[in-house]
1. Which numbered condition trips up Trp114, out of (1) under 26 Å from Ile200 (Cβ atoms); (2) at pLDDT 95 or above?
2. Is it true that Asp199 is within 26 Å of Val377 (Cβ to Cβ) and either modelled with pLDDT under 95 or buried (at least 22 other Cβ atoms within 10 Å of the Cβ) (or both)?
3. Test Phe407 against the stated conditions and say whether it is open to solvent by less than 10 Å² (accessible area, probe 1.4 Å) and either in contact with a helix residue (DSSP H, G or I) (Cβ under 7 Å, 6 or more places away or on another chain) or not in a helix (DSSP H, G or I) (or both).
4. Examine region 360-375 for a residue that is under 30 Å from Thr87 (Cα atoms) and among the polar types (S, T, N, Q), and state whether such a residue exists.
5. Yes or no: Met256 touching a Phe, Trp or Tyr at 6+ places or on another chain (Cβ under 8 Å) and either small (Gly, Ala, Ser) or crowded, with 23+ Cβ neighbours inside 10 Å (or both)?
6. If only one of Asn315, Asn336 is under 14 Å from the mean Cα position of the chain (by Cα) and polar (S, T, N, Q), which one is it?
7. Quick check, is Ala368 closer than 20 Å to Ala207 by Cβ, surrounded by fewer than 16 Cβ atoms within 10 Å (Cβ to Cβ) and at pLDDT below 95?
Amino acid sequence: MNMLLNRGASALALVALGCSSSGADDEARVELLTWWKQPSELDAIHAAIDVHRLGHPDVQIKVHTSDTQGTLGNDVQRRLAEGTPPTAFQANLGGNGLQWAESAQDLRPRAMAWEGAFDPSILERLTVDGKLIGVPLALTRQNNAYYNPKLLSELELDIPVGREGFEAWLQSLADMGYTHPLCIGDEANWVSAHVLFEDIVPAYVGAEYAARFWSGEGDPRDELFGEALDYAASLNGYWNDDFGSIDMAPGIMRLMEARAPAEQCLMTPMGDWGGAILASEYEVDEDFVQRSWPGAESLFVLAGDAFVTTRGVENLEAALDFFDTLASEEGQIAFNAKKGSVPARDLSEEQRQEFGPLTQANMSDFAASAPLAAFKVIGSSDFPFEELQRLTHDFLLAGDKEPLIDFIEAHYAELHD
């Protein structure tokens, strides 16, 4: 498949998260490439490595963190062409992971020991022609929203429920001078697409419609899709004015910053990692609370993370040993408890109690709903998602839906595998 990422050299920073103390030249080395950069994400990787080292103390594991998902993809492609592939690298469930199917090592023989602990629908998102190309590590809920309850209490407002309740809530805030109560950071463009296509549009059109649309079975000119974009445009004036100049994490943290009413944020939409970022400095259910995006209370928009290894890597056996750890109960619990994501592996009710309140809430919602795969999980990696993200960023600024519809229509056939 074609790469959806811009080509060019990537800038990778070495992060020594786990390494053996022996330093022997003949020790096994595992090199992990990831685009995770937030402390909660890197702490999660560290936790999984610590679990692995209990059984493999002589394995040296080094993590290289990339600036973006795009630079990671470029680096992997370059190194495959050079014949020096990384031992393992991060990928998303669905199209982002499946684009590596031709080069990936088939894990099915090794996975016979643990694949029964994973829902088949999860493994399907990493399978091509019967070939399992990655180990699923975490399921991420995409359509969470976070609120500042103390400020809402002072304003005598409740957390909004439903689309009409959300509209009334925004109007009430505007009447009190809180004209930009929604905050994000979209300096890198992807957050606007996340909010539009994993929060606003699914809440408007419903899960079944959204799944068909991103499978390439709908029509970009369909009236309902246009209505959803019109509704999204009606929210544009409520976003923070500086959303295009700040990054994702500062955009989330705006929720807790005291500002003048016209600049005060009261809600930030983000996936479950947003809760982990907030929880690193603030108390859950005291300083901030987590809910679903208004109007999507019964909807669980799902993405997920995995690791892939390719044919021809050095120390393949060491990589597969590490993948066994990532698939294990201990590895899944250690990683996801730090990152705030839902384990990809099925766990017992007792094991679920080891997680924090945000993750437990997401696990309960996941069990009680029919999950909707996120738009980039459903769509093929052949679709030019990066350009879509840039257009979506512009849409949140200007509210003109036509360039967005024109672009999707022009590339709609590319959503198919």
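1. Trp114 satisfies every listed condition except (1).
2. Judged against the criteria, Asp199 is a match.
3. When the stated conditions are applied, Phe407 does not pass them.
4. no
5. So Met256 does not fit the description; no.
6. The unique qualifying residue is Asn336.
7. On the way: closer than 20 Å to Ala207 by Cβ: yes; surrounded by fewer than 16 Cβ atoms within 10 Å (Cβ to Cβ): yes; at pLDDT below 95: yes.
It is true that Ala368 is closer than 20 Å to Ala207 by Cβ, surrounded by fewer than 16 Cβ atoms within 10 Å (Cβ to Cβ) and at pLDDT below 95.
The rows are residues; the columns are (1) over 30 Å from Glu402 (Cβ atoms); (2) open to solvent by less than 20 Å² (accessible area, probe 1.4 Å); (3) not small (Gly, Ala, Ser).
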residue: Ser215; (1), (2), (3): no, no, no
residue: Leu235; (1), (2), (3): no, yes, yes
residue: Ala249; (1), (2), (3): yes, yes, no
residue: Ala279; (1), (2), (3): yes, no, no
residue: Glu286; (1), (2), (3): yes, no, yes
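The values are calculated or read from the model by the stated rules, or taken from the named source; none is laboratory data. Predicted model, so just to flag it, every value in this text is computed and none were measured. Virtual Cβ from ideal backbone geometry, glycine too; neighbours counted across all protein chains shown. To get the accessible areas, we keep the full protein, side chains included, count just its heavy atoms, and leave off ligands, DNA and RNA. Shrake-Rupley method; radii C 1.70, N 1.55, O 1.52, S 1.80 Å.
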